[in-house]
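Comments concern the structure below.
The values are calculated or read from the model by the stated rules, or taken from the named source; none is laboratory data. Since we're looking at a predicted model, the values are computed, not measured. Positions of Cβ are generated from backbone atoms using ideal geometry, with glycine treated the same way; all protein chains shown enter the neighbour counts. The protein model used for the area step is the full one, side chains on, heavy atoms only, and it has no ligands, DNA or RNA in it. Shrake-Rupley method; radii C 1.70, N 1.55, O 1.52, S 1.80 Å.
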Amino acid sequence: MMKKTAIAPANIAFIKYWGKRDVRLNLPTNGSISMNLSAFHTITTVAFNQTKSDQIFLNGIPAGKQEALRISAQLDRIRSLAQVSFPARISSKNNFPTGVGIASSASGFAALTLAASRALGLRLSKRKLSILARRGSGSACRSIPDGFVEWIPGTSDENSYARSLYPASHWDLHDLVVLVSRRSKKVGSSEGHSLVLTSPFFEARLREIAGRLRRLKQALGRKDFRIFGEIIEEEALNMHAVMMTSKPALFYLEPVSLAVMHKVVAWREEGLESYFTLDAGPTVHIICQGKDSKKLAQQLKAVSGVMELVDNEAVVGARVIEENLF
Ligand code: DP6
């Protein structure tokens with residue numbers, strides 16, 4: 001039977017993908033580095049030839065028109081590789097709220113790409129899977145490999161892909177994801193990427209990014225938490241400076257996001273070490289070492305306005321599983 005289910009983690013970027021050199025291919029302007037998240041995932045079942053046309057359910061409800069188009073376009077890429085034109089029945093579920101700064105498109109397109117390609121009998125290499133997932137959503141290419149991941153920006157479809165730098169066991173880092181709002185963001189990241197050139201700071205960002213990537217990789221290799229943390233905060237603020245100075249301006253931070261960021265800095269000065277990063281949303285990601293995660297989680301939950309906290313470790317990338325959603 002042409003049916004398979006895959007699970008893929010969301011990922012948090014330490015060095016960000018913000019800006020595309022090629023919109024059609026999702027080629028990024030710069031490389032990025034991320035960690036797969038253990039507590040946030042998408043599970044997707046894909047079956048071919050069970051329906052007359054593509055039938056897509058997201059979290060139990062039929063996909064909206066835009067979502068369905070984007071997903072069918074990704075299926076077309078996989079169908080064309082397998083040289084078939086079978087319609088697909090898809091059910092996809094996230095175990096987290098979408099649109100709040102946890103990359104649902106990353107886990108979603110990674111799981112879809114793996115499940116659909118395997119359902120059609122394709123046995124693609126990790127590199128090829130990462131390339132394909134990238135076409136669906138850029139950050140999805142980083143949810144294919146294991147643990148700590150680097151996206152090599154490349155210059156063409158064939159050489160822009162993500163690879164594992166270290167397995168999840170390399171470093172006991174945690175990402176305490178602090179949810180401060182359940183509202184869906186107004187401007188999604190795909191649209192945000194297209195605005196980078198309208199910020200006068202984007203050029204300055206690009207001048208610094210190669211050095212920051214190099215320093216972060218070095219800190220990751222040596223497990224130098226202080227240097228690592230300083231770089232990820234600098235990077236998140238740098239990306240948000242570009243966002244805020246785009247035209248129109250993109251402002252993702254909520255008052256509670258800022259309150260949490262201030263707390264993290266204050267606790268650090270008292271000796272409890274953690275660092276923040278953010279994606280395109282108000283959710284704050286607090287990166288800490290395993291030995292401090294329980295205490296930090298407790299203190300973060302007590303910050304006024306914090307709605308929910310989810311403790312993540314690094315985890316393997318996308319994989320096929322036996323259960324299925326229909
Ligand atoms: C801020 O991967 O969602 O999370 O390629 O258009 O689907 P598309 O964009 P997407 O962008 C993610 C942006 C980010 C930073 C990051 O994850 O590196």
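Here are some notes:
- Some residue of region 210-217 being under 15 Å from residue 33 (Cβ atoms), open to solvent by less than 40 Å² (accessible area, probe 1.4 Å) and touching a Phe, Trp or Tyr at 6+ places or on another chain (Cβ under 7 Å): yes
- Test result for residue 12, away from the ligand (no atom under 16 Å from the Cβ), in a strand (DSSP E or B) and out of contact with any helix residue (DSSP H, G or I) (no Cβ under 6 Å at 6 or more places or on another chain): no
- Residue within region 299-307 that is aliphatic (A, V, I, L, M), assigned to a helix (DSSP H, G or I) and farther than 29 Å from residue 186 by Cβ present: no
- Inter-residue pairs, beta-carbon under 9 Å, first assigned by TED's automatic domain parsing to the domain that holds residue 288 and in contact (Cβ under 8 Å) with a residue 12 or more places away in the chain and in region 245-273, second of a type in the set (Asp, Glu) and part of a loop (DSSP other than H, G, I, E, B), 6+ apart: 252/279; 267/273
- Here is the figure for region 46-62: residues that are modelled with pLDDT under 95 and buried (at least 16 other Cβ atoms within 10 Å of the Cβ) total 1.
- When region 15-73 is filtered for residues that are of a type in the set (Phe, Trp, Tyr), touching a strand residue (DSSP E or B) at 6+ places or on another chain (Cβ under 7 Å) and within 12 Å of the ligand (Cβ to nearest atom), only 17 remains.
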